[in-house]
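Student: Below is the structure I would like to discuss, written out as structure tokens.
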Amino acid sequence: MENTLNENVLEVKDLQTRFRVQKRVVNAVSGVTFELKRGKVLGIVGESGCGKSVTAHSVLQLLPKVGHIENGSVMYYPKDGEPIDLSKYGPKSKEIRKIRGKDISMIFQDPMTTLNPVYTIGDQIVENLRKHEKLTKTEAKVRVIELLKKLGIPNPEIRFNEYPHQFSGGMKQRVMIAIAMICNPEILIADEPTTALDVTIQAQILGLMRSLQEEHGTSIILITHNMGIVAQMCDDVAVMYMGRVVEFGTLKQIFTEPKHPYTTALLRSVPVLGMDSDEDLETIEGSTPDASTVFKGCEFAERCKEARPECFKRFPKDTFFEDGHRVRCILYEENENG
Amino acid sequence: MLKYLAKRILQLIPKLLVISLIIFLGLQLLPGDPITRTISPEIYKYMTEAQMEQLREALGLNKPLIVQYFTWLKGILRGDLGYSQSSGSDIASMLKGRLPSTIELAFFGLIVANILGLLFGYIAALNKNSFIDYLFTTLSVIGISVPEFFFGIAFIMFFALKLKWLPTGGRMAAGHPEFSSRIKYMVLPVFCLGISLIATLMRFTRSSMLDVLNKDYIKTARSKGLNETEINVKHGFRNALIPVMTLLVFRLPILVSGTVVIESIFNYPGMGSMVLDALSAGDMPVVMITTLVISAVTLVASTLVDVLTAMLDPRIRLE
């Protein structure tokens, strides 16, 4: 019974995140809703600047000083214990610090800059572990070396005492994964974890994440702009455009029956194996509008091939389908009515 | 780390040799008979031409320059620094009385400047764009632009003459050579000497700290659930210190030359006043030898700072 109640480990509802840059207000995220199912991988996809990274940072309140959550809730349902609304605590509060790194941890885009250059990688992993669990230094070291071995880092006993500049990019990202996974978190948020890596290393890192996830039952939010990675890794997908989730569904729903014109266009712009070599890839015309633009209607209307006059006049509402598929487009609102 | 330390100490040797060579050549260019700088003028006065020729032979002053250089260098290492042209006293014993007091002044000036400069910079960075930040940055402009002699005079007027808290000058109370009696005399000169360094360090620490706080690894630290102090000190400040150290190396000679002005304002019996006397009397041997000593002290100090930087930054240490 408990299980059915807690099918979702994280529910983000109507999240709005704003940035104030010298009196100018930018709505980076304006009303994002999605659910992360326990033990599953949720992909958040979209172009650069669509707010996917800000959404991820909002969950743990790791936003820069100028950004803050304006509205909405981020409900976290721990395996044992009461649900917690993370958006209600301040970014420096004790409550949120207890969750960071322990229940929910994060991996970032560029492993070259996310490790502190002056501490050994062992120190940096142990730091997270000992922050949240009462362990002696030796006990912690044993745990860390065990994990490093599992992550395929050769000679973990020696490398434990080495500094980040002695590691390659792929190895550094493994160390970041070790920092994130050392406390066996329930949720791992990976913000474009492979964007800065070579393609061959990308596959290894994704494979590692997948196997850790299967072993520990960790739920993952994977942020990417790469549809290939989504297809390979995710169970559910949220497609974002201009700070909103325009379509949400299972991997199969999104890939086989995409509903939103933006999702369709996005999928058509990716090369597929077996495609005719003289077949042109489709591009989405125009470019992403500036984040501070104020819209009267659908944000995508200007670039949309199926736009109607109505699309420019009012905001679309979410349309829910019976199989859980969700789309934010005027075209489907009408279908529902008719 | 030990390997790095050994390397840096070994590197000191050629640097010191180059400086000594420059000083030696400078001494050679001086007008007049070099024998007047080599022996005490008391003896020189009563010598005949033949005796002098004999002495030149004995001292090796007729030999090629390179041989003379090594003889001179051997003498320096043994503490035989030659004689002053104006007073005739031997330079080594002149230094013995002066050098410790200057090192004392510069050392405490450096310590005070470091503690305050780093602290103010750290506070200003963490309170960016607040009242305290504006206050510190404004004060630092004054600290950098107003010359130290002004502060010296102002301090004497205010703290010594008006409030009578501290003595106007000197190094210790008559007949009290112990350190505790010297502290009172050191406060004002140390602060005057430190002001410009405090101001520069504060600015540099502030911008370095702000730079570091924007780094991705600060976000990583935050994502581990560390508290603000752990993030700012352990991950922020430690990294912010590295470029500040480099600045410190370049400021060291300025600190030493700063003592010249400060010492004469506070009537402090150190190297500074000795250099000033020698300069006005045209006593070049004294000027040259003090230059040698100051350069050597600066070199050793900057090596120490380099070692400190290496302790902070493994990328330097393990190169």
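Student: In straight Cα distance, which lysines are under 27 Å from residue B:164, not counting same-chain residues fewer than 8 positions off?
Tutor: Qualifying lysines at Cα under 27 Å: B:184.
Student: Continuing with this model, one more query. Say we join alpha carbon atoms closer than 10 Å with springs in a Gaussian network model of chain A; which of A:249, A:228, A:81 then has the biggest fluctuation?
Tutor: Greatest mean-square fluctuation among the candidates belongs to A:81.
Student: Once amide H atoms are placed 1.01 Å from N in the peptide plane, what residues at a sequence separation of 5 or more from residue A:44, or on another chain, have their amide H within under 5 Å of its amide H?
Tutor: When sequence neighbours closer than 5 places are left aside, the close amide H contacts are A:222, A:223, A:224, A:238.
Student: I want to check the label-to-label distance for residue A:66 and residue B:307. Put each point 7 Å from Cα in the C-beta direction and report it in nm to one decimal.
Tutor: 4.5
Student: Now for a separate question. What is the distance in Å between the Cα centroid of the range B:19-74 and that of the range B:103-180?
Tutor: 45
Student: Can you classify the range A:148-307 as rounded, prolate or oblate using the Cα gyration tensor, where a ≥ b ≥ c are the square roots of its eigenvalues, rounded means a/c under 1.5, and otherwise it's prolate if a/b beats b/c and oblate if not?
Tutor: Working: a/c = 2.20, a/b = 2.00, b/c = 1.10.
The shape class here is prolate.
Student: When you look at the Cβ of every residue in A:120-126, what mean number of other chain Cβ atoms sits within 10 Å?
Tutor: Working: counts 1, 0, 0, 1, 5, 1, 0.
Partner-chain Cβ atoms within 10 Å, mean over residues of A:120-126: 1.
Student: Here is a further query. Compute the Cα gyration tensor for chain B, then decide on rounded, prolate or oblate, letting a ≥ b ≥ c be the square roots of its eigenvalues: rounded whenever a/c is under 1.5, prolate when a/b is larger than b/c in the other cases, and oblate in all that remain.
Tutor: On the way: a/c = 3.17, a/b = 1.67, b/c = 1.90.
Cα axes put chain B in the oblate bin.
Student: Just subtract the alpha-carbon distance of residue B:130 and residue B:214 from 0.36 nm times their residue separation and send over the number in nm, one decimal. If you can, show how the numbers build up before the last one.
Tutor: Details: separation 84, 0.36 × 84 = 30.24 nm, distance 1.81 nm.
Length difference between fully extended and current span is 28.4 nm.
Student: Among the listed pairs A:52/A:317; A:134/B:234; A:92/B:234; A:131/B:219; A:79/A:317, which have their C-alpha atoms separated by more than 22 angstrom in this model?
Tutor: Numbers: A:52/A:317 20 Å; A:134/B:234 20 Å; A:92/B:234 17 Å; A:131/B:219 16 Å; A:79/A:317 33 Å.
Checking Cα-Cα distances, A:79/A:317 exceed 22 Å.
Student: Residue by residue through the range A:245-259, which ³J(HN,Hα) values in whole Hz follow from phi under the Karplus form 6.51 cos²θ - 1.76 cosθ + 1.60 (θ = phi - 60°), with glycine and proline marked x?
Tutor: Karplus values, whole Hz, x for Gly and Pro: 7, 8, 8, 9, x, 6, 3, 5, 4, 5, 7, 9, 10, x, 9.
Student: I need the phi-derived Karplus couplings for the range A:112-117: 6.51 cos²θ - 1.76 cosθ + 1.60, θ = phi - 60°, integer Hz, Gly and Pro marked x.
Tutor: Along the range A:112-117, the couplings run 5, 10, 8, 9, 6, x Hz.
Student: Which net charge results for the neighbourhood of residue B:133, defined as the other residues with beta-carbon distances under 13 angstrom from its beta-carbon, given Lys and Arg at +1 and Asp and Glu at -1?
Tutor: Numbers: positive: B:128, B:203, B:206; negative: none.
Computed value for this residue: +3.
Student: While we're here: For a quick check: sort B:53, A:186 by the number of other beta carbons within 10 angstrom, fewest at the front. Intermediate results must be reported in sequence, preceding the final value.
Tutor: Numbers: B:53 14, A:186 23.
By the 10 Å Cβ count, ascending: B:53, A:186.
Student: A follow-up question, please. Suppose R0 equals 60 Å. What FRET efficiency, 1/(1 + (r/R0)^6) with r the Cβ-Cβ distance, do residue A:95 and residue B:13 give to the nearest 0.05?
Tutor: Efficiency for this residue pair is about 0.55.
Student: Between the range A:15-88 and the range A:240-272, what's the alpha-carbon centroid distance in Å?
Tutor: With the range A:15-88 and the range A:240-272 each reduced to a Cα centre, they are spaced 20 Å.
Student: While we're looking at this one, here's another question. At a Förster distance of 22 Å, what's the computed FRET efficiency of residue B:280 paired with residue B:153, Cβ-Cβ distance as r, to 0.05?
Tutor: Details: r = 21 Å, r/R0 = 0.95.
Working from the Cβ atoms, E equals 0.60.
Student: Sticking with this structure for a sec: With the cut-off at 51 Å, report for the protein assembly as shown the share of all Cα pairs above it, as a whole percent.
Tutor: Working: 77064 of 215496 pairs.
That tail contains 36 percent of the Cα-Cα pairs.
Student: If you count the DSSP beta bridges with both ends in chain A, what percent of them are antiparallel, to the nearest 5? Show your work: numbers first, answer last.
Tutor: Numbers: 32 of 51 bridges.
Just about 65 percent of them are antiparallel.
Student: Looking at the protein assembly as shown, what % of its DSSP beta bridges pair antiparallel, to the nearest 5? Kindly include the intermediate steps, with their values, before the conclusion.
Tutor: Details: 33 of 52 bridges.
If I count the DSSP bridges inside the protein assembly as shown, around 65 percent turn out antiparallel.
Student: Moving on to the next point. Excluding residues fewer than 8 places away in the same chain, name every one of the lysines whose C-alpha is closer than 29 Å to that of residue B:15.
Tutor: Result set, ordered by chain and number: B:3, B:7, B:63, B:74, B:96.
Student: Taking neighbour Cβ counts within 10 Å as the exposure measure, how do B:72, B:165 sort from fewest upward? Walk me through the numbers before you get to the answer.
Tutor: Values: B:72 22, B:165 11.
So the residues, fewest neighbours to most, are B:165, B:72.
Student: Give the order of A:40, A:313, B:45 when sorted by the count of other beta carbons within 10 angstrom, beginning with the fewest.
Tutor: Details: A:40 20, A:313 12, B:45 8.
Ranked by crowding around the Cβ, least crowded first: B:45, A:313, A:40.
Rule-based calculations on the coordinates, nothing more; no lab input. What you see is a predicted model, and the numbers here were worked out from it, not measured in a lab. Positions of Cβ are backbone-derived with ideal geometry, glycine not excepted, and every protein chain shown enters the neighbour counts.
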